[in-house]
Amino acid sequence: MAPMATSTTSISSSPRALPRIAVLATGGTIAGSAADSAQTAGYQAGVVGVDKLLAAVPGLANVAHIEAEQVASIDSKDMPLALWATLAGRVDALLASGDVDGVVITHGTDTLEETAYLLHLTVKSAKPVVLTAAMRPSSALSADGPLNLLGAVTVAASPAARGQGVLVAFNNRIHSARDIVKTSTYAVDAFQSPEIGALGWVQDGRVEFQRGVVRPHTSGTPFSVGSVAVEWPVVDIVASYAGASRVMVDALVAAGVRGIVVAGTGNGSIHATLQSALAEAVKKGIAVVRSSRVGSGHVMRNGAAPDDALGFVSAGTLNPYKARVLLMLALASGKSAAAELQPIFDQY
Ligand code: SIN
């Protein structure tokens, strides 16, 4: 679905004393509705407007002066690249304008980790940008959206969140956009930063960070969506598994992709048949990045495949979906050789 025209809503109790937070709504389960309040799986995502999401959070106007915009109303599984460009452009424009102190984005959980990492690498501001979402639709008994939204606004309004890159506030925890992944199909505690853990927590108006973000992000990267959005480099993902064939790689090469990310087994190991096809793809100028389907841990360079000999890049701790985001940005910035790409994956 194409991004829709934005509309704005404003709420505040004492606008001069409070931080100014822009809430950009994009849809998702947080804006979902079901016919029955006991229903937490059968519902329509992205149908409730941002004004209703805000109205469901008593006391929000005591935390921040809110300006809200309905940027889109989608199920995030259908996230189009054009909406990434619209969202990134809007975040940068709001933060540069001096009219807001931070941005909160309400999003579907399904691709939240991809949008969050894209913004983490491309937003050019130290002001807080915080994504949030929900696992239960707004109509559900014990809907988790209102408390998550309150938590996200509280984090975005906190001076402690400045300079931490893009954050995700979910189920009382604060995660870095780089590390967070969705790890449950149904549980309210659906997000984790595997092995590394959350950055901190938000509860009852208090925000506490237990650690900082080490890798460069936002203004510390050379990436911007403005340049990518002109023509997003096509990067696809293939998986390795028992009995894998070369059919998908051959199809992607024939379709003219610029990059392929492999969701390898274990430490990014790749079925021999698939690996030969990928090595041939590299010789045709296609960037190949080895990630893992395991869900935690890192992919060690030259560990489970001879990266130097075959011209592959290892994704380190990025899962395949985040590795794809970084590869698209790197390709758009003009880097395509493995020797240029590996330092980018090592750094970001
Ligand atoms: C979505 O990603 O938009 C739907 C699923 C969710 O938000 O949990």
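The values are calculated or read from the model by the stated rules, or taken from the named source; none is laboratory data. Quick caveat: nothing in here was measured; it's all calculated off a predicted structure. Using ideal geometry, Cβ is built from the backbone for each residue, glycine included, and neighbour counts are taken over all protein chains shown. Each accessible area value is taken on the protein alone, full model and side chains, heavy atoms only, with ligands, DNA and RNA left out. Shrake-Rupley method; radii C 1.70, N 1.55, O 1.52, S 1.80 Å.
Accessible area per residue for the range 1-156 is 36 Å², calculated with a 1.4 Å probe on protein heavy atoms, without ligands, DNA or RNA.
Between ASP99 and ASP189, the distance separating the two model label sites (each 7 Å from Cα on the Cα→Cβ line) works out to 4.1 nm. Taking a ≥ b ≥ c as the square roots of the eigenvalues of the Cα gyration tensor, the range 205-274 is classed as oblate, since a/c reaches at least 1.5 and a/b does not exceed b/c.
Less than 11 Å Cβ to Cβ from ALA279, Lys/Arg counted +1 and Asp/Glu -1: what total charge do the surrounding residues give? Charge balance in the 11 Å sphere: +1. Note on exposure: LYS52, LYS124, LYS182 ranked by accessible area (1.4 Å probe, complete protein assembly) read LYS52, LYS124, LYS182, with the most exposed listed first. Distances between placed amide hydrogens fall under 5 Å for VAL289 paired with ILE260, VAL261, VAL262, VAL313, all partners being 5 or more residues away or on another chain. For the range 233-347, the convex hull spanned by the alpha carbon atoms encloses 81 Å³ per residue.
Sorted on the mean count of surrounding Cβ atoms within 10 Å across their residues, most packed first, peptides 274-281, 106-113, 92-99 read 106-113, 274-281, 92-99. Element breakdown for the range 233-347 at a 1.4 angstrom probe: carbon and sulfur atoms account for 56% of the accessible area. Calculate how steeply helix 145-156 sits against the longest principal axis of the alpha-carbon atoms of the chain, using the helix alpha-carbon long axis, and give the answer as 0 to 90 degrees to the nearest 10. Computed tilt is about 80 degrees.
In the context of the full set of protein chains, the range 228-348 has a per residue accessible area of 42 Å² (1.4 Å probe). Length available on full extension from ALA239 to ALA126: 0.36 nm per residue minus the Cα-Cα distance, which gives 37.1 nm. For the range 54-168, the calculated P(r), taken from all Cα-Cα distances in 10 Å bins from zero up to the bin holding the longest distance, is 14, 48, 34, 5 percent. Computed on the Cα trace of the range 8-220, the radius of gyration divided by the Kirkwood hydrodynamic radius gives Rg/Rh = 0.93. Extending 7 Å from the Cα toward the beta-carbon at both SER296 and ALA35 defines two label points whose distance is 4.1 nm. Given the options ARG178, ARG246, ARG20, state which has the largest fluctuation in a GNM of the chain using a 10 Å cut-off (strictly under) for Cα springs. Comparing ARG178, ARG246, ARG20 in the GNM, the peak value goes to ARG246.
Here the spin labels are modelled as points 7 Å beyond Cα on the Cα-Cβ line, and at GLU340 and ASP250 they lie 3.1 nm apart.
Net charge of the neighbourhood of VAL63, taken over other residues with C-beta under 13 Å away and scored Lys/Arg +1, Asp/Glu -1, is 0. The angle between the Cα long axis of helix 81-97 and the longest principal axis of the Cα atoms of the chain comes to about 50 degrees, rounded to the nearest 10.
Net charge of the neighbourhood of PRO233, taken over other residues with C-beta under 12 Å away and scored Lys/Arg +1, Asp/Glu -1, is +1.
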